[in-house]
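Scroll down for the structure; my scribbles are underneath it.
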Amino acid sequence: MADDTKRKYWVGFDLGGTKMMSIVFDNDLHILARDRKKTKGHEGVQAGMSRICDLIRETLQQAGIKSDELQGIGVGSPGPLDLNRGVILDTPNLGWKEAPLRKTLENAFGCPAAVINDVDAGVYGEYRAGGAKGARCVVGIFPGTGIGGGCVYDGQLIRGKTLSAFEIGHIPLMPDGPLCGCGNRGCLEAIASRLAISAAAAAAAYRGDAPHLMEEAGTDLREIRSGMLARAIEEGDDAIKRIVADAARWIGRGLACAVNLMAPDVVLLGGGLVEAMPKLFEKEVSRGLEDGVMAPFRGQYDLRLAKLGDDAGATGAAAWAQDSCKGEKGK
């Protein structure tokens, strides 16, 4: 086992369905090196665990750091997860079941590891080093293919006993509304995710109401990404602007539920949709919030945009490892 006085560095790892990213940090969360590669989840659990370890080793090599200098590793992963054991239970985007992520990393690198939900990691990263720094309570929402959320209260992530919590995308807002991937109807995610926006945008293009989007992407949902929606709006597709604005207001109404519950001092917007259209989202989410929050909470929170971009998840994972792994001995 390495001398604990040599342990000065942390790895934050962002595990996604299509890509994975590894970042090496010092104790102050300054980035020393980063690297990424495709996840290739279809290759299976064992190959995936090896791929994760290989990427971490490559990033450490770039930083000129040895494994025995690591204090800990944090991973933000899609779920569902067993947070206490650090096991990926069953995630459709990866096709992995019972993936022993924490044990694998601790055995490979001889240091403690922590595994948290990927959106929780993003919100925590923004709380520690980004747009929500200094908040007492931050409610964060990250609309993308789905809609994920997280909450940090007095420095602690809100979570269940073994599972992650704050599934803001599955707040039911529209009785008998569109079917959601979770099996219920009218969830925020079914109304306002990028997938929902893209479906409405494809219909508008098909009807002839969005000529610029039709020219660039046609009606293929797989091709209608956040940046493409933003370009269509810039080129004058007013129908797309209305679709995105409506979705953003619904997101504001969903956030209003969380504000009424948690009384946050910061409400944080992040994710690819927000990054592509920040002004539009900030304006329309704010309108939805004002329509839904109780009168005493109006003016009591700051609506902020995330600052860390793609680094948020890895930063939050490393920061969470700092908070949860310090004091543990390397294996």
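Laboratory data are not the source of any read-out in this text; all were calculated from the coordinates shown. Fair warning: this is a prediction, and the values are worked out from it, not measured in the lab. Please note: Cβ atoms are built from the backbone with ideal geometry, for glycine as well, and neighbour counts cover all protein chains shown.
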**Message:** Quick check on the chain: helices-only [θ] at 222 nm, where DSSP H runs of length 4 and up contribute -39,500 (n - 2.57) each and the sum goes over total residues. Nearest 500, please.
**Reply:** -12500 deg cm²/dmol
**Message:** Angle check, please: helix 118-129 long axis (alpha carbons) against the longest principal axis of the chain (alpha carbons), in degrees 0 to 90, nearest 10.
**Reply:** 80
**Complete:** Residue by residue through the range 283-296, the couplings from Karplus 6.51 cos²θ - 1.76 cosθ + 1.60 with θ = phi - 60°, in Hz, x for Gly and Pro, are 5, 6, 4, 4, 4, x, 4, 4, 5, x, 7, 5, 3, x
**Prompt:** If you stretched the chain out fully between Arg159 and Arg185, how much longer would it get, using 0.36 nm times the residue separation minus the C-alpha to C-alpha distance?
**Reply:** 6.9 nm
**Request:** Work through the residues other than Asp302 whose Cβ is under 12 Å from its Cβ and net out their charges, Lys, Arg +1 and Asp, Glu -1.
**Result:** +1
**Complete:** Note: Arg85 to Asp265 extended length (0.36 nm per residue) minus current alpha-carbon separation gives 61.6 nm
**Item:** In order through the range 14-30: 3J(HN,Hα) via Karplus (6.51 cos²θ - 1.76 cosθ + 1.60), integer Hz, x for Gly, Pro
**Value:** 10, 9, x, x, 10, 9, 10, 9, 10, 10, 9, 10, 8, 5, 9, 6, 7
**Fill in**
So, relative contact order of the chain in percent, Cα under 8 Å, 6 or more apart, is 21
**Complete:** Set Lys40/Lys103; Lys19/Lys307; Lys161/Lys307; Lys40/Lys279; Lys8/Lys161; Lys40/Lys66, cut-off 23 Å on Cα-Cα distance; pairs above it are Lys161/Lys307; Lys40/Lys279; Lys8/Lys161; Lys40/Lys66
**Prompt:** Mind checking the angle between helix 238-262 and the chain's longest principal axis? C-alpha axes, 0 to 90 degrees, to the nearest 10.
**Reply:** 60
**Rounded if a/c under 1.5, otherwise prolate or oblate - the range 242-331, Cα gyration tensor axes** = oblate
**Prompt:** In the P(r) worked out for the range 36-84, what percent of Cα pairs fall beyond 11 Å?
**Reply:** 75
**Item:** Gaussian network model of the chain, springs between alpha carbon atoms under 10 Å - residue of Trp250, Trp96, Trp320 with greatest fluctuation
**Value:** Trp96
**Request:** Specify whether the C-alpha gyration tensor of the range 133-306 places it in the rounded, prolate or oblate class, a ≥ b ≥ c being the square roots of the eigenvalues: rounded for a/c under 1.5, otherwise prolate if a/b is larger than b/c and oblate if not.
**Result:** prolate
**Item:** GNM top mover of Lys161, Lys279, Lys66 - the chain, alpha-carbon springs below 10 Å
**Value:** Lys161
**Prompt:** Amide H to amide H, which residues 5 or more places from Val75 or on other chains are under 5 Å from it, using H placed in the peptide plane?
**Reply:** Phe13, Ala114, Val115, Ile116
**Prompt:** Which whole-number percentage describes the relative contact order of the range 188-237, with Cα contacts under 8 Å and a sequence gap of 6 or more?
**Reply:** 33
**Request:** For helix 45-63, report the angle its Cα long axis makes with the longest principal axis of the Cα atoms of the chain; keep it between 0 and 90° and round to the nearest 10°.
**Result:** 80
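Counting pairs of alpha carbon atoms under 8 Å apart in space and at least six apart in sequence, what relative contact order in percent does the range 133-306 give?
Relative contact order, the range 133-306: 23 percent.
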